[in-house]
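**Student:** To start, I am sharing the structure in question, which I have written as structure tokens.
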Ligand SMILES: Nc1ncnc2c1ncn2[C@@H]1O[C@H](COP(=O)(O)OP(=O)(O)OP(=O)(O)O)[C@@H](O)[C@H]1O
Ligand SMILES: [Mg+2]
């Protein structure tokens, strides 16, 4: 039993005023080791909630998560997380941030230094090793976050809009980097994004979630991630099927948003 | 209703004082504005080149375009000393910059007595106004002829003196002979006449009150000159005051502050952490901390004196209490202020609870704790001075309080300046320490 199984996951938040929100209902997914899943959906459909449960920060009201055969009950080093922003430790240098996971495990200094150096080479930040993280640009900070996550050798990498705060150009470069790392390391990755293009480009599999209650609406298997490895991502976007799928998904999310708007206007 | 009336009276007194001070305040502002105009003119002549802010078209309302003008700061400080010197007749300033001083030296006036028979005679009063503290005898004068005899008197500067000029005359009050004029101008009880060196007034009983002009300068017992304060600083630094040297007074004050603050931090920071991390501790201490925080430490002085006396223990307990709540609240908000994504990130990088504490929560809370420490040091410094004013054997506050009882204004001023300098230095040191130790402050 390898891979990540999400089985009939439900999550209900009870609000202080007595009402409750069904953030997720019966979400099931089976991810094989090394798959890259992108998750799309209108705001508030439970994407972050799903990721937080997989990471172990939240306990679901029903359902189970199984990773490599054992049940997930809390956060652990096997499931790394890359946040949208602001999760780096600003009191540590770039080197110390990347080496955080190994340090926690008590890895010997020399071995740790080797890992850190290697990863800083991979993300192209060797020259910024001793800088404070707040001296870096947003894109550089996200590369540090990625390297920090990888240094810990997790089985699964969870990303909640990791590129959301970046400008279009930096974002495109980072997408290439994510693809490259995914291919090189063979990690299982769940990537939440608001950009349909990004989801199509990076996701080998893609789910579109629907809100109220949060559930999986449609699932796709996509060829673009494979095509994109080592290639100019702009070429991939020119593929006729790319545009077609993008329009289809945009329409789907648009309809959901319409429906939410309509419902709130009625209320 | 009576209270309202009283308060209105007090308010009116405040207003009249303000009105009396208004010319001086306006004068001060005008000098500063004049300096500004002069400096802007000089600057335009000196620097034809542009800096970045002069490239901006919008500077009014742009907060970043406003920086503290160093020249204005220098002018501000220099002006304070110049005004201080001018109104105290300081020797550091050339004489023409002095405000009009009090009359000193020799002067005289004539008075005229009139007998019941209608005869009158005139005599001269010689007046010597001499510096305070010098023992100057009245000059010898010949009595002269006629029924009124000449007089002489020596008066210390800034004082006025009643003189029975008629006591040596051949006919006095008992003979129904009264003074009717001074320097040829008629005078009656309650009236006064301006004379060359000041004023001569007549009391209700008919005695002359000789009032040499005091000018616009401040008397040293109200405001000593800068050099007097400086030389007093030298005295007290070497000889000491009230059995202790200056270093001892200040050293004791600082010692109390540092020990009290350290104890407060030592207890307050862990307490704050506990409150930030445990519901039970939060519930336990919230009411206490929230109540104690708004109580000014000064209000605790009487209680601490009752319980612990006026020795070191009482002072340190007071400062401990002053620092404790500030540090506890700073540590608490430092802990609660940690971004949950950082904690989550650390957990999913495999950190244990203890490691989260050590590598995430503590460093994340340090900037808040430093801010708290700066506030606490400031409050402690203020509190120790106040506590020493109330009761102490040694200390900066005790020094100025005792000096004030003896009207030693120079010591009081010197003490206030030193207290200010030390308070300022403490704040600067804390800021520097903050820059070195928590450079990530505000960068999260
Ligand atoms: N701690 C919480 N307490 C109460 N309700 C919550 C909580 N967290 C999430 N929710 C609710 O659950 C629903 C799903 O939230 P979630 O953050 O997972 O959405 P999302 O898909 O990540 O949205 P976005 O795309 O805007 O990030 C929302 O309706 C939200 O209001
Ligand atoms: Mg979200």
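The values are calculated or read from the model by the stated rules, or taken from the named source; none is laboratory data. A quick note: this is a predicted structure, and the numbers were derived from the prediction, not measured. Virtual Cβ from ideal backbone geometry, glycine too; neighbours counted across all protein chains shown.
**Student:** Of the residues B:76, B:68, B:90, only one is out of contact with any strand residue (DSSP E or B) (no Cβ under 7 Å at 6 or more places or on another chain) and without any contact (Cβ under 8 Å) to a residue 24 or more places away in the chain; which?
**Tutor:** B:68
**Student:** Checking the structure you have, find out if any residue of the stretch A:70-77 is more than 25 Å from residue A:200 (Cβ to Cβ) and more than 14 Å from chain B (Cβ to nearest Cβ).
**Tutor:** yes
**Student:** Being at negative phi, surrounded by fewer than 18 Cβ atoms within 10 Å (Cβ to Cβ) and in contact (Cβ under 8 Å) with a residue 60 or more places away in the chain is the filter here, so list the residues in the stretch B:231-253 that pass it.
**Tutor:** B:248
Yes or no, residue by residue, for (1) within 9 Å of chain A (Cβ to nearest Cβ); (2) in a helix (DSSP H, G or I):
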position: B:323; (1), (2): no, yes
position: B:347; (1), (2): yes, yes
position: B:351; (1), (2): yes, no
position: B:357; (1), (2): no, yes
position: B:365; (1), (2): no, yes
position: B:371; (1), (2): no, yes
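**Student:** Let me ask another. For the stretch A:1-15, enumerate the residues that are part of a loop (DSSP other than H, G, I, E, B) and touching a strand residue (DSSP E or B) at 6+ places or on another chain (Cβ under 6 Å).
**Tutor:** Matches in the stretch A:1-15: A:3 only.
Yes/no matrix, rows are residues, columns are (1) within 14 Å of chain B (Cβ to nearest Cβ); (2) under 12 Å from residue A:40 (Cα atoms); (3) surrounded by fewer than 18 Cβ atoms within 10 Å (Cβ to Cβ); (4) within 16 Å of ligand 2 (Cβ to nearest atom):
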position: A:178; (1), (2), (3), (4): no, no, no, no
position: A:219; (1), (2), (3), (4): no, yes, yes, no
position: A:227; (1), (2), (3), (4): no, no, yes, no
position: A:248; (1), (2), (3), (4): no, no, yes, no
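**Student:** Scan the stretch A:35-53 residue by residue and report those that are more than 9 Å from ligand 1 (Cβ to nearest atom) and within 14 Å of residue A:196 (Cβ to Cβ).
**Tutor:** A:38, A:40
**Student:** Moving on. Please indicate, with yes or no, whether at least one residue in the stretch B:271-294 is within 27 Å of the chain's Cα centre (by Cα) and crowded, with 20+ Cβ neighbours inside 10 Å.
**Tutor:** There is no residue in the stretch B:271-294 that is within 27 Å of the chain's Cα centre (by Cα) and crowded, with 20+ Cβ neighbours inside 10 Å.
**Student:** Kindly indicate which of A:83, A:57 is within 16 Å of ligand 2 (Cβ to nearest atom), without any contact (Cβ under 8 Å) to a residue 24 or more places away in the chain and either outside the structural domain of residue A:162 (by TED's automatic domain parsing) or closer than 30 Å to residue A:201 by Cβ (or both).
**Tutor:** A:57
**Student:** Given the criteria surrounded by 13 or more Cβ atoms within 10 Å (Cβ to Cβ), within 14 Å of chain A (Cβ to nearest Cβ) and part of a loop (DSSP other than H, G, I, E, B), does residue B:394 qualify?
**Tutor:** The answer is no for residue B:394.
**Student:** Applying the selection to the stretch B:106-118, what residues are on the phi > 0 side of the Ramachandran plot and either surrounded by 15 or more Cβ atoms within 10 Å (Cβ to Cβ) or in contact (Cβ under 8 Å) with a residue 40 or more places away in the chain (or both)?
**Tutor:** Answer for the stretch B:106-118, where residues must be on the phi > 0 side of the Ramachandran plot and either surrounded by 15 or more Cβ atoms within 10 Å (Cβ to Cβ) or in contact (Cβ under 8 Å) with a residue 40 or more places away in the chain (or both): there is none.
**Student:** Would you mind telling me which numbered condition in (1) in contact with a helix residue (DSSP H, G or I) (Cβ under 6 Å, 6 or more places away or on another chain); (2) under 30 Å from residue B:90 (Cα atoms) residue B:261 fails?
**Tutor:** For residue B:261, the failing item is (2).
**Student:** Taking the condition of being modelled with pLDDT of 85 or more and outside any helix (DSSP H, G or I), how many residues in the stretch B:37-95 meet it?
**Tutor:** 8
**Student:** Select from the stretch A:16-49 the residues that are touching a residue at least 12 places away in the same chain (Cβ under 8 Å), more than 16 Å from ligand 2 (Cβ to nearest atom) and out of contact with any strand residue (DSSP E or B) (no Cβ under 7 Å at 6 or more places or on another chain) and list them in ascending order.
**Tutor:** A:32
**Student:** Give me a count of the residues in the stretch A:118-135 that are in a helix (DSSP H, G or I) and within 14 Å of chain B (Cβ to nearest Cβ).
**Tutor:** Total satisfying the criteria: 4.
**Student:** Another question, then. For residue A:129, are the conditions met, namely being touching a helix residue (DSSP H, G or I) at 6+ places or on another chain (Cβ under 6 Å) and surrounded by fewer than 20 Cβ atoms within 10 Å (Cβ to Cβ)?
**Tutor:** It is true that residue A:129 is touching a helix residue (DSSP H, G or I) at 6+ places or on another chain (Cβ under 6 Å) and surrounded by fewer than 20 Cβ atoms within 10 Å (Cβ to Cβ).
**Student:** Do we have any residue at all in the stretch A:95-109 that's more than 13 Å from chain B (Cβ to nearest Cβ) and touching a residue at least 24 places away in the same chain (Cβ under 8 Å)?
**Tutor:** Checking the stretch A:95-109: at least one residue is more than 13 Å from chain B (Cβ to nearest Cβ) and touching a residue at least 24 places away in the same chain (Cβ under 8 Å).
Conditions (1) away from chain B (no Cβ under 14 Å); (2) more than 16 Å from residue B:339 (Cβ to Cβ); (3) modelled with pLDDT of 90 or more, marked per residue:
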residue	(1), (2), (3)
A:88	no, no, yes
A:92	no, no, yes
A:159	no, yes, yes
A:171	yes, yes, no
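**Student:** For the stretch A:136-210, list the helices (runs of 4 or more DSSP H) that sit wholly inside it and hold at least 2 residues that are outside the structural domain of residue A:47 (by TED's automatic domain parsing) and away from ligand 1 (no atom under 16 Å from the Cβ); which are they?
**Tutor:** Hits in the stretch A:136-210: A:138-151.
**Student:** Does any residue in the stretch B:427-444 that is facing another protein chain (nearest Cβ under 9 Å) come within less than 8 Å, Cβ to Cβ, of a residue that is in a loop (DSSP other than H, G, I, E, B) and at pLDDT 90 or above six or more places away or on a different chain, and which pairs are these?
**Tutor:** Note: pairs meeting the criteria are B:438/A:91; B:440/A:90; B:440/A:91; B:443/A:90; B:444/A:90; B:444/B:339.
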